[in-house]
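Structure, as structure tokens:
Please treat every number below as a calculation from the coordinates, not as lab data. Note that the structure is a prediction, hence the values are computed from the model and not measured. In this analysis, Cβ positions are derived from the backbone assuming ideal geometry, glycine residues included, and neighbour counts consider all displayed protein chains.
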Amino acid sequence: MSKARTTSERLQVPGLLAMGLLAAYFFLCFVMALEEEYPPLIAEHPYSVWLGNWQMFTLLDRRHVMLEGQVRTGDQWEEIALESLFPTRWESGPRYGRRSFPEDVDRMYVLAQATCRRLAAAGSSPDEVRFRQIRWAKVVGQSDQSIQDPEGRGLISWRCSEEYALPGGVRL
């Protein structure tokens with residue numbers, strides 16, 4: 001029986017050391033990926049853990065973001081169940097739940113106009129809608145990600161009597 005090897009004997013130990021160092025580097029990148037602050041040495045050279053923070057398909061976000069809606073009928077404001085008003089067909093959640101959505105004012109106006117129209121079609125006659133963005137920190141290593149110390153900011157307020165041009169897409 002022959003001893004066929006792909007690596008010569010003189011390169012086996014350096015190869016194992018290189019693979020061990022590479023594994024340690026990837027572990028360091030993994031640990032640093034969701035840290036709030038880097039240790040001083042890494043903070044001086046943040047690109048040293050570039051592979052741990054590289055964004056290929058998903059963004060590393062240290063905060064949860066949620067959009068809340070309220071509707072005013074008369075003098076009273078009530079919460080809107082946006083999930084039931086705009087049911088999602090995607091695993092990743094509703095499109096208005098993405099971080100970039102509230103930053104685009106045109107998208108928010110379209111959402112406000114669509115909210116008014118859907119509520120009116122359901123038999124409610126809202127006067128105004130408003131949206132807030134709620135953010136809170138993710139807790140690394142826990143499955144319970146309930147809202148803790150939320151930060152909120154108002155986005156838009158929209159009178160339902162106003163008109164905004166909705167996109168005229170093609171339904172597939």
Projected convex hull area of the chain, Cα atoms, direction-averaged, in nm², equals 18.6 nm²
Correct semi-axes for the stretch 9-53, from √(5λ) of the alpha-carbon gyration tensor and rounded to whole Å with the largest first, are 27, 10, 7
Measuring from the longest principal axis of the C-alpha atoms of the chain, the long axis of helix 9-32 (C-alpha) lies at a number of degrees, nearest 10, equal to 20 degrees
Counting only Cβ distances under 4.7 Å between cysteines, those in the chain with no partner are CYS29
Mean separation of Cα contacts under 8 Å (at least 6 apart) over the residue count of the chain, i.e. the relative contact order in percent, is 20 percent
Measuring from the longest principal axis of the C-alpha atoms of the chain, the long axis of helix 105-121 (C-alpha) lies at a number of degrees, nearest 10, equal to 50 degrees
With +1 on the Cβ of every Lys and Arg and -1 on the Cβ of every Asp and Glu, the dipole magnitude of the stretch 63-159 about its Cα centre, in debye rounded to the nearest 20, is 320 debye
Given unit charges at Cβ for Lys, Arg (+) and Asp, Glu (-), the dipole magnitude of the stretch 1-151 about its Cα centre in debye, nearest 20, is 820 debye
